[in-house]
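Let me begin by presenting the structure, written as C-alpha cells, before commenting on it.
The values are calculated or read from the model by the stated rules, or taken from the named source; none is laboratory data. Predicted, not measured: the structure shown is a model, and the values here were computed from it. Every residue, glycine among them, receives a Cβ derived from its backbone with ideal geometry; neighbour counts consider all protein chains shown.
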There are 2 protein chains.
Amino acid sequence: MSDLNKKFGQRLKEVRESRGLSQEKLGDLIDLTEDSVGNMERGKHWPRLKTLEKILKVLKVKPKDLFDF
Amino acid sequence: MSDLNKKFGQRLKEVRESRGLSQEKLGDLIDLTEDSVGNMERGKHWPRLKTLEKILKVLKVKPKDLFDF
DNA sequence: TAAAACCCGAAGTTAAACTTCTCTACGATT
DNA sequence: AATCGTAGAGAAGTTTAACTTCGGGTTTTA
C-alpha cells in the first residue's frame, strides 16, 4: 500500500465530502461502483485516466488542487 | 486523446528536460522503455501508480508540482 | 434500533498501461 | 554526405492493476 495512493485517497475523500456527496452518489456520477470509490479512497487503487477526468469534472476541482498533498 | 493526458505529458517533458535527461535515460530510471516514456509525453497514455511513484522519486518533484497545469 | 454510509478481504473480469517493432525526421557531429 | 542521438508516430500484442462483485462487519446518524 503506497503512501502516494493513501494521500490521494484521503484528498479525494476530503473533496467529495466538501461537495456533500456519498461514495455511492459519486460513483454514479463517474460511472464507478460504490465499492470502487471506497477502494480508491482507502488507497487500494489508483484511478485510470478516464476515471480521473470524470472526477475532476464532477467535483469541479483542478488537478493541482486534487494533488495538493 | 484527452486534454488532461496531453497536459500531463507536456508537464512531464518539461520536468524531464529540466533535469537534463533523455527519454531513454528516464525510462531506465523508472523501469519503462524509451517508447513508453515518449508515449506518455505525447498523451498516448497515463502512468499507473507504480510508474508515477517512480517518476516523482527520480525527478524529485512533488505531486502538486507535476500536476500544476 | 434501524438504516444509511462506510470499511475490508478475496477472487474474478476487463480495460488500458506498457512493450515491441518499424519507419520517419531533424539537428549536431565527423 | 553519412552516421549518431534523440524524439515523433502507428500498429499489434502482452500483461498488470483498475475495477467489479460478493460476502460480511463496523460506525454514524436520524
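Numbers at a glance
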quantity: Lone unmet requirement of (1) in contact (Cβ under 8 Å) with a residue 40 or more places away in the chain; (2) in contact with a Gly (Cβ under 7 Å, 6 or more places away or on another chain) for B:Phe69; calculated: (2)
quantity: Tally, over segment A:26-53, of residues that are at positive phi and either more than 14 Å from chain B (Cβ to nearest Cβ) or in contact with a Cys (Cβ under 7 Å, 6 or more places away or on another chain) (or both); calculated: 1
quantity: The listed residue being loosely packed, with under 14 Cβ neighbours inside 10 Å, more than 9 Å from DNA strand D (Cβ to nearest atom) and without any contact (Cβ under 8 Å) to a residue 12 or more places away in the chain, out of B:Asp3, B:Asp31; calculated: B:Asp3
quantity: Test: residue in segment B:54-68 that is within 14 Å of chain A (Cβ to nearest Cβ), of a type outside the set (Gly, Ala, Ser) and within 13 Å of DNA strand D (Cβ to nearest atom); calculated: yes
quantity: Test: residue in segment B:38-56 that is farther than 19 Å from A:Leu66 by Cα and among the polar types (S, T, N, Q); calculated: yes
quantity: Residue among A:Gly20, A:Gly38, A:Gly43, A:Gly9 that is of a type in the set (Gly, Ala, Ser) and in contact (Cβ under 8 Å) with a residue 40 or more places away in the chain; calculated: A:Gly43
quantity: Positions within segment A:16-42 being under 24 Å from B:His45 (Cα atoms) and assigned to a loop (DSSP other than H, G, I, E, B), in sequence order; calculated: A:Ile30, A:Asp31, A:Leu32, A:Thr33
quantity: Scan of segment A:43-63 for residues that are within 14 Å of DNA strand C (Cβ to nearest atom), in a loop (DSSP other than H, G, I, E, B) and among the aliphatic types (A, V, I, L, M), ordered by number; calculated: A:Leu59
quantity: Qualifying residue in segment A:12-20 (condition: more than 10 Å from DNA strand C (Cβ to nearest atom), at pLDDT 95 or above and touching an Asp or Glu at 6+ places or on another chain (Cβ under 7 Å)); calculated: yes
